[in-house]
Amino acid sequence: MIQIRQLHKSYHTEALSLHVLKGLNLDIETGEYVSIMGASGSGKSTLLNILGILDTYDEGKYHLNGTVIKDLNEKTAAKYRNEYIGFVFQSFNLINFKNALENVALPLYYKKVSRKKRNIIAMEHLDKMGLKDWAHHMPNELSGGQKQRVAIARAMISNPKIILADEPTGALDSSTTVEVMNVLTNLNKEGITTIIVTHEMSVAEATNRIIHLKDGMIEYENHKNDGVFTQKSINQTIPTNSLIL
């Protein structure tokens, strides 16, 4: 599903150039359940934004289901996002003046689906998340876990092949974290490739593969086999010129 080769990404200001991703290589197969961990500045959010076609890269190759994703105009980028990717964010990103049903239905509005049809489909997704009775409640009437389940329903309404979740449990307590991770795990069991950026080991351990980033490279990975993780070293050379003053 995802193949990345020698990916480089830098951010530039008048004072310096910050080399964030440094020749990163990564393969993620269809249906995998993957988490990405790393300290602040390791490149995990940059990588997720590139995977989600929200940011560009400088050098290397990014293949999404066999298509090279590079230098796309916004219309084409939106087409691939709509076709392949559902996003889940830490802050939920719900629209405060729309109820749960309207929030979930929003992606179908942009696809010009009729109101009646999109509301029927949105209700089906809310029902799947156990939120049918909360469909007409506003975001400020929902708990954190309910908001995140609404956000997941919204991400799923376009039938994406990949879920990209950026710290999806970062604003939740421990019991609600388990609830949301159960939802994501069940979606993965249905065949959705699921990629989670997290700083919480308990969240990462719910996935089957943990990718550890350090200084813009994959330092090592953990792979789950029969419920037990084993470590796999990654032979990637980190360049020394990561910060150019």
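Every number in this text was worked out from the coordinates using simple rules, so none of it is lab data. Bear in mind that the values here come from a model prediction, so they are computed numbers and not experimental data. Positions of Cβ are backbone-derived with ideal geometry, glycine not excepted, and every protein chain shown enters the neighbour counts.
Can you give the local net charge around GLU167? Use residues other than it whose beta-carbon is closer than 11 angstrom to its beta-carbon, Lys and Arg +1, Asp and Glu -1.
With Lys, Arg at +1 and Asp, Glu at -1, the net is -1.
By how many nm would the segment from ILE95 to TYR110 grow when fully extended, if each residue of separation counts as 0.36 nm and the alpha-carbon distance is taken off?
3.9 nm
At a 10 Å Cβ-Cβ cut-off, how would you order VAL178, VAL150, VAL34, fewest neighbours first?
Ranked by crowding around the Cβ, least crowded first: VAL178, VAL34, VAL150.
Normalised by the number of residues in the range 86-245, what is the relative contact order in percent for Cα pairs under 8 Å and 6+ residues apart?
With pairs under 8 Å counted, the relative contact order is 21 percent.
Using θ = phi - 60° and the Karplus form 6.51 cos²θ - 1.76 cosθ + 1.60, what ³J(HN,Hα) does each residue of the range 16-25 get, whole Hz, x for Gly and Pro?
7, 10, 9, 8, 8, 10, 10, x, 6, 10
With equal scatterers on the alpha carbons only and no solvent term, can you work out the Debye log10 of I(q)/I(0) for the range 46-197 at 0.11, 0.13, 0.20 1/Å?
For the range 46-197, the Cα-only Debye profile gives -0.43, -0.60, -1.29.
Please report the antiparallel percentage of DSSP beta bridges with both residues in the chain, rounded to the nearest 5.
Given both bridge residues lie in the chain, the antiparallel proportion sits at roughly 60 percent.
Run the helix sum for the chain: -39,500 (n - 2.57) per DSSP H stretch of 4+ residues, divided by residue count, reported at 222 nm to the nearest 500 deg cm²/dmol.
-9500 deg cm²/dmol
Show the residues, 5+ positions off or on another chain, whose built amide H is closer than 5 Å to the amide H of GLY23.
The answer is LEU7, HIS8, LYS9.
With labels modelled as points extended 7 Å from the Cα through the Cβ direction, what inter-label distance (nm, one decimal) is found for GLU219 paired with ALA39?
0.7
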